[in-house]
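Take a look at the structure below.
The values are calculated or read from the model by the stated rules, or taken from the named source; none is laboratory data. The shown structure was predicted, so the numbers you read here are calculated from the model rather than taken from an experiment. Here Cβ is always computed from backbone atoms with ideal geometry, including for glycine, and neighbour counts include all displayed protein chains. Keep in mind that these areas ignore ligands, DNA and RNA; they rest on the heavy atoms of the full protein, side chains included. Shrake-Rupley method; radii C 1.70, N 1.55, O 1.52, S 1.80 Å.
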Amino acid sequence: MIDNPFCYGKTVDDPFFYGRKNELEEIKLSMRNATNLIMYSPRRIGKSSLVIKALKDLEAEGHPTVYIDFFKVSSREKFIELYAREVVRPLKSWEKGLQWIQGLVRGIQPTMGLDQSGLPELRLSIDPVQTARAFEDIISIPAKSKQEKCWVVVFDEFQEIEKLNGESFEKELRAAFQHHKEVSYLFLGSQRHLLLNMVSRKDRAFYNFGKLFQLQKPSEEDAVTFLAERFNAGGYSVSGELIREILDSTRGIPYYVQYLGAEIWECARLASKTPGEIHRQALARLLINQSDYFQGIRSQLTAFQVKLLSSVAWHCYGSYETSFLQKYRLYPTSSVQKAFKRMTDLDILEKQHNQFRIADPFFELWLKQQS
Ligand SMILES: Nc1ncnc2c1ncn2[C@@H]1O[C@H](COP(=O)(O)OP(=O)(O)O)[C@@H](O)[C@H]1O
Ligand SMILES: [Mg+2]
C-alpha cells in the first residue's frame, strides 16, 4: 500500500518540504556570521520546519547548535534541562556528555525518567538550590566553550517566555547574551504582537536585539510543483484545475496545502469521483477534523467579538465603512474598534490597509457554516 504522500502536524523535511531556497540561504548566512535574527509569522507557515532544516545544514558544516521550543519550557529548571540535553546531544557517548556538562554546569545531575512511550530514559535534572547558578552556567556555554564555528542558538515560540515570570527571565537572558558577540541567536514567534512588543519597545529587555525577518508563504510556483510531484508519488494523476482549487482554498498556507492534499489523496483513493466532488468531500473532512481547534479559538472571544467575526466571514472583509457596520448592525463604533484590535492582536484577523480579514481561510469557512 502506498503511504499518504503528504505530511502535516509536525515539522517537515524532504520529500515533504518545498520552496524556501532563498530564505534558507539567508538564514544560514546570518547564522554563520553570528547575527541575531527575530523571525515571525502566523502559526503553520513553516518557521520551525525551515529553521530546523537550516540547523541540520549548519550542524553538518560544524556549527554547534541548540534548539529549544518554548512551548516545552514550563519552568527555569526545564529550560536548563532542555538546554543541557541539546548541548550534549552531538556527543557520541552519554557518559562523556554527562562528564563534560557536569564540569560546566553547577548542580546538574543524571536521573531516571520515562520517555513518551513509558520506557526508562536517562535525563538531566537540576538540584533546586543550585538553579540560579545552573542557569547562569548553561546560558554561557556557547560563549565559554568556543569551537571553530560559532554556536547557533534557536528559541522557538519565544513569546511564551512571558508566561514564565517573563520580565526577570528575559532580563537575565539579555544581560548574558549581549556579551556573546560570537554566538548567533534566532528567536521565532507565532504571535506577532507579543514578539514584536518584546523586541521593538524600548522598555523591553530584547529591544533592538536582532534583525527582524517576517516569513512569508512559499511561492505559488513552488506549491504547484510540489503538489503535482506529491500526487504523482502517491499514484494519483491530479489535474491542473484541482491544484488551482487547492491553492485557492488554502490561500497557499503550507500546513493547509499539505492537509487538504492528504485529504484529497485519501478521498481519491477511496472512490472514483470527479475532481470537483473529491475537493468538496476533502474540504468537508478537513473542517470536521479542525472543528475542536476552531471552537477553542472562538471560546476565547466575547459574544460581540464572535458576531463581528461572523460578519467579517460573510462579508469577506471587515472595516469601519458604514455599509458594513449597518448591514450587520455593529455598534457602538468604540466596541467595534476594541473588538477589531483584540482579534488582530490575537492574530485571528489580519489588517491590510483599512480592511480586516480572517487570517485562516478554513476558520472563515467554518464560521460561515456555524451561523
Ligand atoms: N517548506 C514547507 N514545505 C512543505 N510543507 C510545509 C513547509 N513548511 C511548513 N509546512 C507544513 O506546515 C506545517 C506546519 O509547519 P511548521 O514548520 O510547524 O510551521 P510554524 O512553525 O510556522 O508553525 C507542517 O506540518 C507542514 O505540513
Ligand atoms: Mg513552529
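Ligands, DNA and RNA excluded, the heavy atoms of residue 137 present near 20 Å² of accessible surface to a 1.4 Å solvent probe.
What separates the Cα centres of the stretch 268-299 and the stretch 148-225 is a distance of 35 Å.
Charged neighbours of residue 4, selected by a Cβ distance under 11 Å, balance to -1 (K, R count +1; D, E count -1).
Give me the log10 of I(q) over I(0) for the stretch 77-177 at q = 0.13, 0.14, 0.15 Å⁻¹, as the Debye formula computes it from C-alpha points; what are the numbers? These q points yield log10 I(q)/I(0) values of -0.51, -0.59, -0.68.
With the simple spin-label model, which puts each label point 7 Å out from Cα in the Cβ direction, the residue 22 to residue 241 separation comes to 3.4 nm.
The lysines whose alpha-carbon is closer than 17 Å to the alpha-carbon of residue 341, local same-chain residues fewer than 8 away aside, are 307, 351. With the simple spin-label model, which puts each label point 7 Å out from Cα in the Cβ direction, the residue 71 to residue 130 separation comes to 3.2 nm. Magnitude of the charge dipole for the chain, about its Cα centre and with charges confined to Cβ atoms of Lys, Arg (+1) and Asp, Glu (-1), is about 920 debye. The residue among 176, 283, 83 whose Cα reaches farthest toward the positive pole of the charge dipole of the chain, with charges on the beta-carbon of Lys, Arg, Asp and Glu, is 176. Relative to the globular-protein estimate of 2.2 N^0.38 Å, the Cα radius of gyration of the stretch 220-296 stands at 1.05.
Pairs exceeding a 24 Å alpha-carbon distance, out of 149/211; 56/163; 56/171: 56/163; 56/171.
Dividing the radius of gyration of the alpha carbons in the stretch 301-370 by their Kirkwood radius gives 0.91 for Rg/Rh. Figure legend: label point modelled 7 angstrom from the Cα of residue 207 along Cα→Cβ; residues of the stretch 160-201 with amide N under 18 Å from it are 167-179, 194-201.
When the convex hull of the Cα atoms of the chain is projected onto a plane and the area is averaged over all directions, what value comes out in nm²? With the hull built on Cα positions only, its mean projection is 21.9 nm². A convex hull fitted around the alpha carbon atoms of the stretch 21-214 yields 127 Å³ per residue. With the simple spin-label model, which puts each label point 7 Å out from Cα in the Cβ direction, the residue 337 to residue 316 separation comes to 2.8 nm.
Ranking 193, 180 from most to least accessible surface, computed with a 1.4 Å probe over the protein chains only, gives 193, 180.
What are the lysines whose alpha-carbon lies under 28 Å from the alpha-carbon of residue 273, with same-chain residues fewer than 8 places away excluded? Residue 273 reaches 368. Computed from point charges on the beta carbon alone (+1 for Lys and Arg, -1 for Asp and Glu), the dipole magnitude for the stretch 301-370 about its Cα centre is near 260 Debye.
Relative protection proxy for 318-329, 24-35, from highest mean packing down: 24-35, 318-329 (other beta-carbon atoms within 10 angstrom).
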